[in-house]
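The next block holds one structure in the form of structure tokens; read it before the comments.
The values are calculated or read from the model by the stated rules, or taken from the named source; none is laboratory data. Since this is a predicted model, take the numbers as computed values, not measurements. Cβ sites come from the backbone with ideal geometry, for glycine too, and all protein chains shown count toward neighbours. Protein only, heavy atoms only, side chains kept; ligands, DNA and RNA dropped before computing areas. Shrake-Rupley method; radii C 1.70, N 1.55, O 1.52, S 1.80 Å.
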Amino acid sequence: MKTGSVTITNRLGLHARPSAMVVQQANKFESEVWIERDGLKINAKSIMGIMMLAAEQGAELVVMTEGTDEEQALKAMQEILVSGFGESNPSS
Amino acid sequence: MVKSTQIQGVPASGGVALGEARVVFTLDSMAPERPILPEEIERECQRIDRAVEKAVLELKEIRERAGKHAGGPVTKIFDAQLMIAGDAEFLKSVKKEIAKRLQCAEGVYSSLVADNTSSLRKSKDSYMRQMLTDIEAVSKKVLSHLTGNGDSPNHPFPPNTIIVAKKISPAEALNFYERGAVGVVSAEGSAHAHMALIARALYLPAVVGADRVQNKIRNGDRLIVDGGLGKVFLKPDAALWESYQSKQGGDSLESIKSLSGLDKFPPVTTDGHTVELAANIELPGPRDAELAQRNVGVGLYRTEFIYLQSSSFPDEAAQFEYYDSIAEQYAPQKVVMRTFDLGSDKYVEELQPSPESNPALGFRGIRTSLGTPALFKTQLRAILRASTRKNVKIMLPLLSDIGEFNRARRIIKRVMVELRRERLEFDTDIEVGAMIETPSAALTADCFARNAAFLSVGTNDLLQYTMAVDRDNIRVADLYKMFHPAQLKLIQATIDAANQHNIPVTVCGEMAGDMSAIPLLIGMGATGLSMGPANLYRAASIISGLSMAEAKALAAETLKAQTVKETENLVEVFHNKLKSRLTGVFSERT
């Protein structure tokens, strides 16, 4: 099992559209993918799970992957979670 | 004698509906927790599979119907719900729990949904709250399929039915509309909720947030719904009923079609003065084609609705596509694109993560645009690129200082230079107008008139700021009087400044669509009026039956009046006189 932590940086947090992107990313992999926040561990392949995190900006998450492609899965999940989800930055 | 009661809610979708109440009970009681035997596990799993499958199909179908009635962009509202409904992992966990708990599908499903939404429930963030609403809507559908009451009814309501319920989902609003309801009232919900968005796109008058309204109103009660003011009148007296009849406007498509019956459009007064009439539009819909066909342009396109529909700022390509299709549809008629008027009562989490203590006086309108130049430029690029047919104008909202107008103009010029460099086409002579909706702008209208291509008075905000009154606050709403002398003087100053500089001046707030205000505004010198499409026919008929001379006399006298009582009286007397002269206009819809 691989574990890595990540902080949500986009302003709006994991609302509907980013949640969908996270789920799509997780579903690309064979491995099981979980995200944990403050002791609450959810299945990242489920939109209901992601929504359960109610992760706003600044939320600290731990990603866990287990399976044949766990290494790639962890890397991909961390990438998407810090990507900002294509949110335009109003202050730029 | 029945006593009339007024119930105050939140305005969610403008327009007036008169009719009889139909109280709809939406059951959100807990699903049964029935124990099952091990051999029933398989059957329960199949039941939940089928219910989810039906819910997904139903949502897809609803999405399609929403697109048909209210235009493509509205369908996005249902995307999130479809994704939630189709969550395979969640379904797996439900089936696992059915086997583990030995409990029926309804019980397990609703308990897992409750577990999953507990953190969302605690969140104050409106994006998170919206997700919760979406999840609840889906689970309600799945549960109703499980219990066998799945198919939403489709039998038509009796004529003039107004739906009253505790809570109304977007899909239910669509269903009510399709079954012929003329208005909706709910105890819960906000003006930003998706249900309100759908209602606006359908031109279905709606009031939300009317506390415990489902307990106050009974089936068959006569109701007036004033969606613009967020008011519901229960058992109104004959006088009120009659006064509202002339404002009724749920069926705007019909009234737009009736424009074809007019001799002239735009209308001309009996003594030969043409008054430009245009429509206020929020979202694309079936009305666009009808309006364009009858040579009606758009005097106020509220562009922020493209933003309110998606959960983050649409990029240039998406905005261009949206504006360009609007411009194309209306060409050669003009479309006045008002740049984003976000802030205050409209979502701005993205721009403003921390709430303001006084949003109406805060970061909104042009202030938001100037404060986030990258977003503003994206919108301007998209609007300019949609202007190649030379029928697009730009209007800047909530100006309070000429410096803001000039800064915005400089940004527009810079964007034009960029576009030219990129060899992208646009209308180099595009007109940029100023929206006058603060007392400071009205008092310095001369300065705006010197710099702008046109002025437009936004009467709702102007009145709010002039009277220092929040009309949603029932304890002070009485001061919100559109014919208040202070408001009239500011409008007159704006019109005079524009006339002096020979530029067009229109009125585009609610007042422009008020039948009793129209003669006054024309007499004051407004060159055009922009209003909800439902009011155009009646407005055109009034103007054609009116002489500019009598309108001017009315304006002169009203502007001299000292109190709102006097002004209201003068306007009313004139309106009644006109009504008896133009009986056909006022009695055609009863």
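Tabulated results
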{"quantity": "Region B:117-140 residues that are among the aliphatic types (A, V, I, L, M), paired with ones that are open to solvent by 20 Å² or more (accessible area, probe 1.4 Å) (beta carbon under 6 Å, 6 or more apart)", "calculated": "B:M131/A:A16; B:A137/B:S169"}
{"quantity": "From the options B:S110, B:S118, B:S139, residue that is within 14 Å of chain A (Cβ to nearest Cβ), farther than 23 Å from B:F78 by Cβ and assigned to a helix (DSSP H, G or I)", "calculated": "B:S118"}
{"quantity": "Residues of region A:23-33 satisfying the condition of being open to solvent by 10 Å² or more (accessible area, probe 1.4 Å) and more than 11 Å from every other protein chain (Cβ to nearest Cβ)", "calculated": "A:Q25, A:K28, A:F29, A:E30"}
{"quantity": "Entirely in region B:186-248, the helices (runs of 4 or more DSSP H) that have 3 or more residues that are of a type outside the set (D, E) and under 19 Å from B:E510 (Cα atoms)", "calculated": "B:194-201, B:238-245"}
{"quantity": "Residue check, B:S169 touching a residue at least 12 places away in the same chain (Cβ under 8 Å) and away from chain A (no Cβ under 14 Å)", "calculated": "yes"}
{"quantity": "Residue check for A:L81: touching a strand residue (DSSP E or B) at 6+ places or on another chain (Cβ under 6 Å), surrounded by 18 or more Cβ atoms within 10 Å (Cβ to Cβ) and either at pLDDT below 90 or within 27 Å of B:P314 (Cβ to Cβ) (or both)", "calculated": "yes"}
{"quantity": "Every pair of residues 6+ apart whose Cβ atoms lie under 8 Å, when the first sits in region B:510-532 and is among the aromatic types (F, W, Y) and at pLDDT below 95 while the second is assigned to a loop (DSSP other than H, G, I, E, B) and surrounded by fewer than 24 Cβ atoms within 10 Å (Cβ to Cβ)", "calculated": "none"}
{"quantity": "Hey, B:V56 assigned to a helix (DSSP H, G or I), within 14 Å of chain A (Cβ to nearest Cβ), modelled with pLDDT of 80 or more and under 34 Å from the mean Cα position of the chain (by Cα) or not", "calculated": "yes"}
{"quantity": "Qualifying residues in region A:1-22 (those that are facing chain B (nearest Cβ under 9 Å) and open to solvent by 20 Å² or more (accessible area, probe 1.4 Å)) - the one farthest from A:A73 (Cα to Cα)", "calculated": "A:R11"}
{"quantity": "Residues that are among the charged types (D, E, K, R), assigned to a helix (DSSP H, G or I) and within 14 Å of another protein chain (Cβ to nearest Cβ), drawn from region B:69-107", "calculated": "B:K76, B:D79, B:E89, B:K92, B:K95, B:K96, B:E97"}
{"quantity": "Test result for A:I47, modelled with pLDDT of 85 or more, closer than 18 Å to B:T117 by Cα and within 10 Å of chain B (Cβ to nearest Cβ)", "calculated": "yes"}
